[in-house]
Structure formats: structure tokens, C-alpha cells
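Here, each number is a calculation from the coordinates, and none is a lab measurement. Nothing here was measured: the structure is a model prediction, and the numbers come from that model. Using ideal geometry, Cβ is built from the backbone for each residue, glycine included, and neighbour counts are taken over all protein chains shown.
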């Protein structure tokens, strides 16, 4: 039987809401033991952020359920002397620590990297924040939409009618979490070769900027300001969203041969030699003239018909699905992107698993998102704290 890649790796997860939990979810799906260290009162804020009030009251909100599979929940008041001592004992046993507080919080608690590396020099400590631990904005608060605005993401979205425009999901938080997971894996690889742990400083603002690499390169190198193009692709034409008989279709005729095939399939072969459209860069300049000519033909058939006809001739195209239809499409089912996970007291829930499919060491959901404090006794027993002591700690509000 295959062994999970991160089997035997212990992660202390002090993160809340999205960026941090998304990072540690990927470590958990790869087999790491991820221990969520949550405040004893109500835990991760995401436990109350879902759309269903009944689940929020159970501290199992949909926002929490989405990204906490395979994790254990330990409640611990790290502001109390007893809580600090327990945390230090746990840190001695840990391989990775992930937190997403403001940069000064952990140091003020006496639990920052400088304090912990003295008791565990092999510790990989990853701090995720809006702006990083250095610089003039380091201590500013940040949420995803704030970072979307400061990064330029909102400025390049939309068109002349609707701009600025935020992405429809928290893209900066999510990318920050992926960046952190990637960095942690790299640091663990370094530790395998050297025995050294290290501090990792991940900023959401830093993380999102390289995703705009092409747009940024056009400005930084080509000195061209971003042009608001809505659903059109600035790199090619015809490439974007087009009207059909029953809706819309995405077409990406990015190569010359794809453009020529498109003309044949749609029934406008004369456009191949039209001087306004013959060459790629000229087509881009004349896309406002080109699009109506193509749509005049596309509106004669349904999206589904055009998708089949165009793809058959190697012209990339696809329907524009609702989220519900996207989640239910055959390819997603085939790839098992969603897994049915039984959650006690709630039922079977469709949750996202690991989307990188490893041949020899596949990741999987092996445990549901945990109830608050579900593993406190188990985790504390592992560092020599028995049940009677746990009861006393609970009475004092430490756990």
C-alpha cells in the first residue's frame, strides 16, 4: 500500500478563515498530521461564516467545512501561562507551524519564530499575512478584497462599463495559501538535506502579483497600459466570449491554423484572406469589426452544437457553465475532484480533495472536518497530559 508523502509530518495550524487553512488543507491531504490550535471559545472564525445559520450555530459553517478535512482540533488559550507552556511542548514535537496573525502577534505572545527555534531548530515556521513581516505596510490589516484592490487585480477586470471589478471568489487568499503550501514543501525538502528549519514570510500581496505576469510584462517591458477588454483575450483574436443561438460560447482561436479552421467551420472562409483579419496582430486591432461577423454565424446554432463542431477541428471552445453545472460536469466526476465525506451529525457532504493526482502517493480525504476541540484529549495525551489534568485545564479556560 502506498505511503502518503507527508506521513509522519506534524503541523501546528494556528490559522483562521481562508489563506492559512487552505495551505494546511493541502498538507493534510498529503498525509501530514495537521493539528488546528483553536481558541476555546469558538475556534476558527470560519466556523461561523457559512451561509447556513444552523451549521454556523454548530460551529461547522460551510466556510469551515470547505477547507478543513483531515485535520485535528485542539483548543488552547495561548494567552494563558499554562497554554503557552503546552504550546511550547507541542512545538518541540512539530515539523511545521503555520500562522496568519498580524506580524507582531506571535512575538508578543512569546511564541514567535525566534522563541521557538531555540527549542526546535528543525521547525519550519510559515507566517502568512496581508503584506508580509517587513515594509511600511506590514502592520496594516488586510482582507482578500483589500488585496485585490491594492494589487491591481480589480483595475484590470471588467470593461469600460464595469470597472473596477473584484474576482467572484477570494483569489488572493486562495493563491496566498497555495504559495504558502509550496514554500513549506520546499522548506521541508531543504530540511531533509540539511537538518535546518527556517522562517517563511508569505504575503498575500506578493503572492497575487506574479499571477498577472503577462499583463504586468506588457506594462513593465512593453510600456503598454492594461486595456479593459471584458471577456476578450488580449493575446489573440478571435479569442473570448461570443453569442450563440441559446447563450454564449468561449472560443480561443489563438493560433493562425485555429483561426483558419474557425473560418471554415463557421462558414466565413472569405475572412481568411480579408486584409483586416489575415494576420494575428492585425486581427487583434480589428476585433470590434471581426466579432459581429463571427457572431452573425454563431447565432444560427446552439452553444452545444458549436462546441462539438469547433473542438472536432481543434479549435478550443467550451460552454460557459453555471457553478452548479460546472461542479456536476462529467470531467469533474471522472477526476473525483469532489469526494463524498460523511460528517457526523450533518450527513454526507461533497468536499474538494487533492487535485494533483499522484501515481505512487495519492492524497485523499481520510477524515471529516473536525468539531471544535474534538482531538484535545488525544493531542495532549501525546505530550504526557492526562485526562484529569485536561479536566482541570478546561475548568480554568485553558482548553
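Any residue at all in the stretch 80-99 that is assigned to a helix (DSSP H, G or I), under 26 Å from the mean Cα position of the chain (by Cα), surrounded by fewer than 17 Cβ atoms within 10 Å (Cβ to Cβ) and free of Cβ contacts under 8 Å to residues at least 24 places away in the same chain? There is no residue in the stretch 80-99 that is assigned to a helix (DSSP H, G or I), under 26 Å from the mean Cα position of the chain (by Cα), surrounded by fewer than 17 Cβ atoms within 10 Å (Cβ to Cβ) and free of Cβ contacts under 8 Å to residues at least 24 places away in the same chain. Would you confirm whether or not the stretch 319-333 contains a residue that is under 18 Å from the mean Cα position of the chain (by Cα), surrounded by fewer than 16 Cβ atoms within 10 Å (Cβ to Cβ), in contact (Cβ under 8 Å) with a residue 24 or more places away in the chain and not in a loop (DSSP other than H, G, I, E, B)? For the stretch 319-333, residues under 18 Å from the mean Cα position of the chain (by Cα), surrounded by fewer than 16 Cβ atoms within 10 Å (Cβ to Cβ), in contact (Cβ under 8 Å) with a residue 24 or more places away in the chain and not in a loop (DSSP other than H, G, I, E, B): absent. Candidates are the residues of the stretch 62-79 that are more than 21 Å from the chain's Cα centre (by Cα) and in a loop (DSSP other than H, G, I, E, B); the one that is surrounded by the fewest Cβ atoms within 10 Å (Cβ to Cβ) is 79. Selection of the stretch 35-52 for residues being within 19 Å of the chain's Cα centre (by Cα) and either in a loop (DSSP other than H, G, I, E, B) or without any contact (Cβ under 8 Å) to a residue 24 or more places away in the chain (or both) yields 44, 49, 50. Within the option set 45, 12, being under 20 Å from residue 123 (Cα atoms) and in contact with a helix residue (DSSP H, G or I) (Cβ under 9 Å, 6 or more places away or on another chain) holds for one residue only, 12.
The helices (runs of 4 or more DSSP H) found wholly in the stretch 101-203 and carrying at least 3 residues that are surrounded by fewer than 18 Cβ atoms within 10 Å (Cβ to Cβ) occupy 105-109, 144-151, 171-194. Within the stretch 342-354, track down each residue that is out of contact with any helix residue (DSSP H, G or I) (no Cβ under 8 Å at 6 or more places or on another chain) and within 16 Å of residue 21 (Cβ to Cβ). Correct list: 352 only. Is the stretch 12-34 home to any residue that is crowded, with 17+ Cβ neighbours inside 10 Å, over 24 Å from residue 179 (Cα atoms) and without any contact (Cβ under 8 Å) to a residue 40 or more places away in the chain? Checked the stretch 12-34: no residue is crowded, with 17+ Cβ neighbours inside 10 Å, over 24 Å from residue 179 (Cα atoms) and without any contact (Cβ under 8 Å) to a residue 40 or more places away in the chain. Counting the residues of the stretch 136-180 that are farther than 17 Å from residue 101 by Cβ and in contact with a strand residue (DSSP E or B) (Cβ under 9 Å, 6 or more places away or on another chain) gives 1. Kindly check whether there is at least one residue in the stretch 204-221 that is without any contact (Cβ under 8 Å) to a residue 60 or more places away in the chain and part of a loop (DSSP other than H, G, I, E, B). Yes, there is a match, as at least one residue in the stretch 204-221 is without any contact (Cβ under 8 Å) to a residue 60 or more places away in the chain and part of a loop (DSSP other than H, G, I, E, B). Identify all residues within the stretch 266-291 that are under 28 Å from residue 321 (Cα atoms) and either within 37 Å of the chain's Cα centre (by Cα) or surrounded by 18 or more Cβ atoms within 10 Å (Cβ to Cβ) (or both); write none if there are none. Residues satisfying the conditions are 266, 283, 284, 287, 288, 290, 291.
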